[in-house]
Amino acid sequence: MTTEELQTLVLTTLDSNDSIDDTKELKGSDGKEVDQLALLGALKSLADKEMVKYNTIENEIWVLTEEGNEIVDKGSHEAIVFEAIPASEEGISISELQKLLGDSGKIGQGRAFKNKWINKKGGNLIRIVDSIIDQPRIDLDIIRSTGKHPDPKVPTELKKRKLCDKHKIISYSVTKGPQFSLTIKKQARDITFEMLQSGEWKKANFKNYNFDALGIPPSGGHLHPLMKVREELRQIFFEMGFEEMPTNRFVESSFWNFDALFQPQQHPARDAHDTFFLKDPAVGTQFPTEYLERVKKVHSVGGYGSNGYGYDWKIEEAQKLLLRTHTTAVSSFMLYNLAQKEFKPVKYFSIDRVFRNETVDATHLAEFNQVEGVIADKGLALGDLIGFMETFFEKMGIKKLRFKPAYNPYTEPSMEIFSYHEGLGKWVEIGNSGMFRPEMLEPMGLDPEVRVIAWGLGLERPTMIKYGIENIRELLGHKVNLTMIENNPICAFDLI
Ligand code: FB9
């Protein structure tokens, strides 16, 4: 029944009976009890117009479960067992009975025994009483038709056998309101220009303001899960006393992205297959010239104890502008600036987008967010790097780490980092790390004593694992479902 139909039913009933003691008695046009929830909506708007007044009536009634209804219809399991056992001496074999009654047989046997209706004789079951009273069936039938039982203990017992449950039934008592009438006058919601012009507003019947109305929840922005994980990682770095590097420059020169990191100009990562080079502007020219000369030298002929790469280093190559392939490009710039001042130990971090011309697949896009930690201090060793990473990943909820020797042009030694992921039940590669090479640090002007340890990981993988996202396209891109963004919980690493 529609709200309008329900309102008419209430008004006409009130018109003829002055009040409705319990709307549970109200029968709809289909003769069935009206839906109390729908009725509430109808009553609310009639009460708003002061056409009726209503109070809520709460009743608790017992309602049978599916099994309870079955027992009323077919009898209790124990009664069915009794009926299935022939009244004869030899009775029936248990296996026979099992075949006959299936599971209900098992349940029924136990109770029939307990009720001292049947007993075992040899391998068979026999009756030990002539007839029985199926009390549960009787009681459940009473409950089904009345919603209660003369002996309140009975339904409670039957509830334990999951045969009935207590339900709260809401209904209403209704009386006429001061504005009662059989016709529902449309209420004006707002005073309009026309009403003011026509004076209509003087006799209009305005809808009351519902100051309890919650109103439309203000929709606010939602942080993308990646940004939530990013914020968590930033807090971890700040907790560990790190300073955030400025990463707001996606376009870098090949010099800071590669050359400064002692990555040779013919390195495969430096060709357009892996790196997005800019067409316009294609080159950058602002470089600290002396430093650039030292970089040229260490690449071409070596120095600082290194043989270098022994190739003809070209400034044209270093000038090429590109979309940074790693935030390590920012680290090189920051370490160079550090070398220009009185040395002091530093701890830097960066979390931002990097771009690689890679084939897009379920876990790789042409860009990802790199997380990087860099620590510079005199006398740092590999053990410090491992120690720092254990502390860092511990705060990410990642406990068991393993390190595998690896290679990066700008770090020696280098290590890939693995952690055992209980949920995935396997060792997961969670990042890369190493000690920046002297060929990178000393041309900057850093004291040879200064050691710089660094590690990096991606933001996407931990976010996907944390939010149970299989395919990167569900995390980023036009296929992302916004509800996932809207209602995904705040990221708390200790839950990873
Ligand atoms: O993030 C990665 N894996 C990862 C990280 C956390 C994690 O958390 C789970 C809850 C447990 C799960 C997985 N990786 C690094 C490993 C792989 O996913 C890898 O396939 C993809 N890598 C990206 C690069 O892909 C081309 C992740 C990204 C990455 C790799 C290396 C660095 C940074 C990001 C680095 C570095 C570095 C090394 C030395 C000095 C300075 C920086």
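Please treat every number below as a calculation from the coordinates, not as lab data. What you see is a predicted model, and the numbers here were worked out from it, not measured in a lab. Positions of Cβ are generated from backbone atoms using ideal geometry, with glycine treated the same way; all protein chains shown enter the neighbour counts.
Find the Rg to Rh ratio for segment 254-408, where Rh is the Kirkwood radius over alpha-carbon pairs and Rg uses the same atoms. Rounded to two decimals, Rg/Rh equals 0.98.
Once the other residues with Cβ under 14 Å from the Cβ of THR156 are scored (Lys, Arg +1; Asp, Glu -1), what is the net sum?
Here the count lands on +2.
Which one, ILE92, VAL63, ILE80, projects farthest toward the positive side of the charge dipole computed for segment 1-141 from Cβ point charges (K/R +1, D/E -1)? Farthest along the dipole direction, towards plus: ILE92. Taking Cα centre as origin and charging only the Cβ of basic (Lys, Arg, +1) and acidic (Asp, Glu, -1) residues, the dipole magnitude of the chain rounds to 580 debye. In this rough spin-label picture, where each label sits 7 Å from Cα along the Cβ direction, the ASP48-ALA381 distance is 7.7 nm. Length available on full extension from SER173 to PHE113: 0.36 nm per residue minus the Cα-Cα distance, which gives 16.6 nm. Computed over segment 227-487, the range of Cα coordinates on each principal axis works out to 53, 43, 29 Å, biggest value leading.
Over the C-alpha atoms of segment 1-105, the Rg to Rh ratio, Rh being the Kirkwood estimate, stands at 1.37.
Taken over segment 151-202, the alpha-carbon convex hull comes to 183 cubic angstrom per residue.
Take the Cβ-Cβ distance between GLN286 and GLU390 as r, set R0 to 56 Å, and report the resulting FRET efficiency rounded to the nearest 0.05.
Details: r = 40 Å, r/R0 = 0.71.
Efficiency at R0 = 56 Å is approximately 0.90.
Dividing the radius of gyration of the alpha carbons in segment 368-426 by their Kirkwood radius gives 0.98 for Rg/Rh.
Modelled spin labels at SER29 and ASP274, positioned 7 Å past Cα toward Cβ, are 7.5 nm from each other.
If R0 equals 25 Å, the separation of the Cβ atoms of GLN98 and GLU66 corresponds to a calculated FRET efficiency of about 0.60. Potential lengthening of the chain between GLU157 and ILE216 amounts to 16.6 nm, from the contour at 0.36 nm per residue minus the alpha-carbon distance.
With a Förster radius of 41 Å applied to the beta-carbon distance between PHE250 and VAL301, the computed FRET efficiency rounds to 0.80. Site pair ALA366 and LYS185 shows an inter-label distance of 6.7 nm when each label is modelled 7 Å from Cα along Cα→Cβ.
Return one quarter of the surface area of the convex hull spanned by the alpha-carbon atoms of the chain, equal to its mean projected area, in nm². Display every interim value, and only then the final one.
Values: hull surface 177.4 nm².
Projected area, direction-averaged: 44.3 nm².
Semi-axes of the equivalent ellipsoid of segment 77-133 are 14, 14, 9 Å, computed as sqrt(5λ) over the eigenvalues of the C-alpha gyration tensor in descending order. Above 14 Å, the calculated P(r) of segment 202-283 contains 81 percent of its Cα-Cα pairs.
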